[in-house]
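Everything below concerns the one structure shown next.
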Amino acid sequence: MTVSYEVPESVVGKTAHVTVAIPGGARPGEVLVRVRGGSESYIAYADEPVDEGVQVVILADRGARSLMVVSL
């Protein structure tokens, strides 16, 4: 029996919109990213605080639906 796994589309380099403000540092917020013909929510971290509604770019995939972002 062959098992196939869907390789998730890379989100690094894409833009996203902050839906829950990101306090910065070790405290996460949330972003909405357009992927696979729809939108998906991810937990997001940033070095500096980012307000809700701000557009960000995704710097890194931290795993477990967690991203590192920076505001544009």
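The values are calculated or read from the model by the stated rules, or taken from the named source; none is laboratory data. Only a predicted model underlies this, so the values are computations on that prediction, with no experimental measurement involved. Positions of Cβ are generated from backbone atoms using ideal geometry, with glycine treated the same way; all protein chains shown enter the neighbour counts.
Does V69 fit the bill of being of a type in the set (V, I, T), surrounded by 13 or more Cβ atoms within 10 Å (Cβ to Cβ) and modelled with pLDDT of 95 or more? Write out each step before concluding.
Details: of a type in the set (V, I, T): yes; surrounded by 13 or more Cβ atoms within 10 Å (Cβ to Cβ): yes; modelled with pLDDT of 95 or more: yes.
The answer is yes for V69.
Among the residues of the range 43-66, count how many are assigned to a strand (DSSP E or B) and either in contact (Cβ under 8 Å) with a residue 60 or more places away in the chain or under 11 Å from V18 (Cβ atoms) (or both). Give the steps one after another, and end with the answer.
Of the range 43-66, the ones assigned to a strand (DSSP E or B) are 43-45, 50, 55-63, 66.
Remaining after also requiring either in contact (Cβ under 8 Å) with a residue 60 or more places away in the chain or under 11 Å from V18 (Cβ atoms) (or both): 44, 50, 55-56.
The total comes to 4.
Could you tell me which residue of the range 13-42 is farthest from the chain's Cα centre (by Cα), considering only residues that are surrounded by 14 or more Cβ atoms within 10 Å (Cβ to Cβ) and outside any strand (DSSP E or B)? Outline the logic, then answer.
At the first step, the residues of the range 13-42 found to be surrounded by 14 or more Cβ atoms within 10 Å (Cβ to Cβ) are 14-24, 28-33, 35, 40, 42.
Imposing the further condition that a residue be outside any strand (DSSP E or B) reduces the set to 14, 21, 23, 28.
On the way: K14: 9, A21: 13, P23: 15, P28: 11 Å.
In this case the residue turns out to be P23.
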